[in-house]
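The values are calculated or read from the model by the stated rules, or taken from the named source; none is laboratory data. Note that the structure is predicted; figures quoted are calculated from it, not measured. Note that we place each Cβ from the backbone using ideal geometry, even for glycine, and neighbour counts take in every protein chain shown.
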Ligand code: 9MR
């Protein structure tokens, strides 16, 4: 009986579900505590969002596309997204040796402001594919590397160009800091960090997207490459220190070397050399592609291979769990998706279970033409990505489940002191006839039908929220 008495039930009709969307709040600064991101109200924050990476010069779209339009930021906010992984380019930051492009820094800063005004936290991703335009990719400026494709060397393009001997030689230059390439990268990232360090919307800087091990690549199979990763970790520590020197509070995101995407574990932070990453400044960024599905997309292998995806995702997540268990840092899935929406649930469910945030790869492909732009999150994609989820929790999450088919959302957390209520974004894709919510151990304090459900605990017992169509 007591249990029933503590349960507040709220039903609303469909027309009102989104009638009371509160106006967006600026993205406030997040900080890292153990494996969590905390907001300024001491709530544990969960981040859902998309990638936007412009891979051609000037690397931040000057007029077209969402990187400078408030319209796209509003669209994302309206569908409940609260983060964007924004690509930045070493080539854009430092087009000539030692010379920073201030205009580029201004552009990036402007995009951060546009997104932050809509409550979107921005992860700045130092992006690369295929190392450099030298190989038809993007990322490192030409001046930074000496290696060039060998005369007559075939270039198979993305992703097989990573196997080109000349490109592997160039990656070795990077890891050996030949001609100070890493020092220049450190300077470029430090300038970026300094430029945005006063912007609370900046979630952090990711040091390098999908780093390739170079000629050490074959040593990474079949169990990862401890020797390479030790060197690789040292590079990350150095770059982290460099950024720390100019922006002491800014979180820095580390990615495993890209054989992670080929189902290898990372040996970063492996014992016995316990690294100094416990100062609540480092987060772990990993990608969760299904190798089989990528092989079907990019190498023309049979579609049926996607049957192997659940097992492959399971393996990737076990590697991520291991890393988080030994470091106690927050993890985020900073890329997943890329194609077949049938494999999305593999990532999304595992992320929900662990209260891990994500960035879908990628926004530009879903915005597409002006026609599609009206509703880029319609259809199967929207059904999966637009989710009811706790954006900020006044306590510690215990369990969460969202059923993308029915919209049923079940969430339990242990309440803890915070200066604002728990905030749950209610999907605008799953409740055409309204939603019903019951709360045990707490009460709803938002207006009926709000797209942001606010919950306060009524005691010290766990709070359970059960929301359904
Ligand atoms: O999806 C992207 C594809 O259209 C491009 O041809 C390719 C090379 O630029 O990059 C793909 O995006 C990749 C991203 O940059 C890095 N992680 C893997 C992504 C998807 O495979």
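Determine the pairs where a residue that is free of Cβ contacts under 8 Å to residues at least 12 places away in the same chain, located within the stretch 132-147, has a partner that is within 12 Å of the ligand (Cβ to nearest atom) with Cβ atoms under 6 Å apart, the partner being 6 or more residues away or on another chain. Every condition considered, no pair remains. Which of the numbered conditions does residue 61 fail, given that it passes all the others? Conditions: (1) surrounded by 15 or more Cβ atoms within 10 Å (Cβ to Cβ); (2) at pLDDT below 90; (3) over 21 Å from the mean Cα position of the chain (by Cα). Only one criterion in (1) surrounded by 15 or more Cβ atoms within 10 Å (Cβ to Cβ); (2) at pLDDT below 90; (3) over 21 Å from the mean Cα position of the chain (by Cα) is unmet by residue 61, namely (3).
Looking only at residues that are within 11 Å of the ligand (Cβ to nearest atom) and outside any loop (DSSP other than H, G, I, E, B) in the stretch 122-132, which one is surrounded by the fewest Cβ atoms within 10 Å (Cβ to Cβ)? Ranking the qualifying residues of the stretch 122-132, first place goes to 129. The requirement of being over 18 Å from residue 141 (Cβ atoms) and not in a loop (DSSP other than H, G, I, E, B) is satisfied by residue 245. Name the single residue that is nearest to the chain's Cα centre (by Cα) among those in the stretch 414-441 being free of Cβ contacts under 8 Å to residues at least 60 places away in the same chain and surrounded by 20 or more Cβ atoms within 10 Å (Cβ to Cβ). The residue in question is 424. Mind listing just one residue for me: the one in the stretch 320-345 that is touching a helix residue (DSSP H, G or I) at 6+ places or on another chain (Cβ under 7 Å), away from the ligand (no atom under 16 Å from the Cβ) and not in a strand (DSSP E or B) and, of those, modelled with the highest pLDDT? Among residues in the stretch 320-345 that are touching a helix residue (DSSP H, G or I) at 6+ places or on another chain (Cβ under 7 Å), away from the ligand (no atom under 16 Å from the Cβ) and not in a strand (DSSP E or B), the one modelled with the highest pLDDT is 345. The condition (being more than 16 Å from the ligand (Cβ to nearest atom), part of a loop (DSSP other than H, G, I, E, B) and within 23 Å of residue 52 (Cβ to Cβ)) is satisfied by just one residue among 152, 119: 119.
With respect to being over 30 Å from residue 307 (Cα atoms), surrounded by fewer than 19 Cβ atoms within 10 Å (Cβ to Cβ), more than 16 Å from the ligand (Cβ to nearest atom) and in contact (Cβ under 8 Å) with a residue 40 or more places away in the chain, residue 448 fits the description.
Looking at 135, 143 in this structure, which one is surrounded by 15 or more Cβ atoms within 10 Å (Cβ to Cβ) and in contact with a helix residue (DSSP H, G or I) (Cβ under 7 Å, 6 or more places away or on another chain)? The conditions single out 135.
Selection within the stretch 284-300: residues that are assigned to a loop (DSSP other than H, G, I, E, B) and more than 10 Å from the ligand (Cβ to nearest atom). The member of this set that is farthest from residue 263 (Cα to Cα) is 300. If you check 258, 246, 235, 202 for being surrounded by 24 or more Cβ atoms within 10 Å (Cβ to Cβ) and at pLDDT 95 or above, only one passes: 202. Taking (1) part of a helix (DSSP H, G or I); (2) closer than 18 Å to residue 255 by Cβ; (3) at pLDDT 95 or above in turn, residue 230 satisfies each apart from (3).
In the set (1) surrounded by fewer than 22 Cβ atoms within 10 Å (Cβ to Cβ); (2) in contact with a strand residue (DSSP E or B) (Cβ under 6 Å, 6 or more places away or on another chain), residue 283 fails one condition alone, (1).
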